[in-house]
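Have a look at the structure below before the remarks.
The values are calculated or read from the model by the stated rules, or taken from the named source; none is laboratory data. As the structure is a prediction and not an experimental result, all values here were calculated from the model. Every residue, glycine as well, gets a Cβ built from its backbone with ideal geometry; the counts of neighbours run over all protein chains shown.
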Amino acid sequence: MQFKDIIGQVEAKKRLLSAVKGNRISHSVLFLGPEGSGKLGLAIAYAQYISCENKTEDDSCGVCKSCLKYNKLVHPDLHFVFPVVKTKKITKEPISDNFINEWREYVLKNHYFSLNQWTEFIADDENKQAIIGVNESSEIIKKLSFKTFESEYKVMIIWFPEKMNKESSNRLLKILEEPFEKTLFILISEDSGNIIQTILSRTQLFKISKIDDSSIINFLIDKHSIEEQEAVNIAKLSHGNIINMLQILGSEENQAKFLEEFSTMMRSAFKGDTIEISNWSKEKAKTGREKIKEYLIYCLRMIRENYLMTNNVSELVQLTGGESEFSKKFHPFVNSRNVPLIYDEINKAHFHIERNGNASIILLDLALKIMQNIKK
């Protein structure tokens, strides 16, 4: 993976390139940033640049022996640690190596993905929580104790170190305190508050911001041939998160289904039919967390478009035929008195779904809150 494959993050790329050119490579660095900002891709591109045999001014060459192996994530001096779960096949304490083939496949296919998406990919039960167990630390020590095979540096990328249990964290701390020669640790985190302080104190903090709207807009226009105004709308809804952007793009395939669900939720809320609302929330909860998140982003878009209709800003409204027909009757109920409240409730529901809350309860609560506000 090269820097050119990462959307935006111009300043972050410059700082990483500068560190390599100035021979200021820290033995342990913490990439800290929000979901969908490209942290994992930046970490791999950084490691690939360090190992590249024919570096250019602003990227790895992509074609040398080292880059060809990095392009498949099979370089012998590149190692990964990431949260895993027990499955029907792996019933004892799992480690990352049990899932390394699935990891390579998933990362190469999806440059941007969340912990929930990864967990759903490997788990046979979506309610399982992925962690980095204590056995992982022993594997790290074993791998890094060998000399490098081909590159100057051995690279250990730890994705979501906040998912390490206490014992595993303490063992990692010992390695960071006395690192092996020519070893580079890259920790990739979204919540440094759940990493023990002694590990934080031994890593160089590298903050990564969310993706700027202009980079998202340019990507959508250049790579997906999307009209500029639609690209602007998608960028605003993405909130600097490429995972959100991809979900919005993918939701085009689900728009008919989402419109039906949205119509059911709003009509039930308007009628105050709590039995229908309860049945709807239970059925919707069965579709899985990622589909629910996509649906909630769709809801935000529909509320926004209907609010524009209410305010007679028709030139900015972006609706399909079916959505437009539904919104002709629905939009008068979306106004300045209830839009902030409804928007806030949908965003809160998205937040709690991301954090593995009970989907049925979250959706029921959302529909009941909408019922309270839709007639304002």
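In table form, for the structure just shown:
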item	result
Of all residues in the stretch 143-166 being touching a residue at least 24 places away in the same chain (Cβ under 8 Å) and exposed (fewer than 12 other Cβ atoms within 10 Å of the Cβ), the one that is farthest from Val85 (Cα to Cα)	Glu152
Selection from the stretch 293-323 of residues that are among the β-branched types (Val, Ile, Thr) and under 26 Å from the mean Cα position of the chain (by Cα)	Ile297, Ile303
Filtered residues of the stretch 237-289 (kept if in contact (Cβ under 8 Å) with a residue 60 or more places away in the chain, assigned to a loop (DSSP other than H, G, I, E, B) and within 19 Å of Ile342 (Cβ to Cβ))	Gly272
Failed criterion for Glu228 (all others in (1) buried (at least 19 other Cβ atoms within 10 Å of the Cβ); (2) modelled with pLDDT under 90 hold)	(1)
Considering residues of the stretch 99-135 that are in a loop (DSSP other than H, G, I, E, B) and within 13 Å of the chain's Cα centre (by Cα) only, the residue farthest from Ala359 (Cα to Cα)	His111
Filter result for the condition that a residue is at pLDDT 95 or above, of a type in the set (A, V, I, L, M) and exposed (fewer than 14 other Cβ atoms within 10 Å of the Cβ), over Leu40, Leu68, Leu73, Leu108	Leu68
Candidates Lys55, Lys72 - the one that is of a type in the set (D, E, K, R), over 22 Å from Glu139 (Cβ atoms) and out of contact with any Pro (no Cβ under 6 Å at 6 or more places or on another chain)	Lys55
Candidates Leu184, Leu176, Leu172 - the one that is in contact with a strand residue (DSSP E or B) (Cβ under 8 Å, 6 or more places away or on another chain), part of a helix (DSSP H, G or I) and touching a residue at least 40 places away in the same chain (Cβ under 8 Å)	Leu176
Test set (1) in contact with a Leu (Cβ under 9 Å, 6 or more places away or on another chain); (2) assigned by TED's automatic domain parsing to the domain that holds Ile50; (3) of a type outside the set (Gly, Ala, Ser) - Arg171 fails condition number	(1)
Which numbered condition Leu205 misses (of (1) surrounded by 17 or more Cβ atoms within 10 Å (Cβ to Cβ); (2) of a type outside the set (Val, Ile, Thr); (3) in contact with a Leu (Cβ under 7 Å, 6 or more places away or on another chain); (4) at pLDDT 90 or above)	(1)
Failed criterion for Tyr46 (all others in (1) under 20 Å from the mean Cα position of the chain (by Cα); (2) surrounded by fewer than 21 Cβ atoms within 10 Å (Cβ to Cβ) hold)	(2)
Condition met for Pro340 (under 30 Å from Glu190 (Cα atoms) and surrounded by fewer than 15 Cβ atoms within 10 Å (Cβ to Cβ))	yes
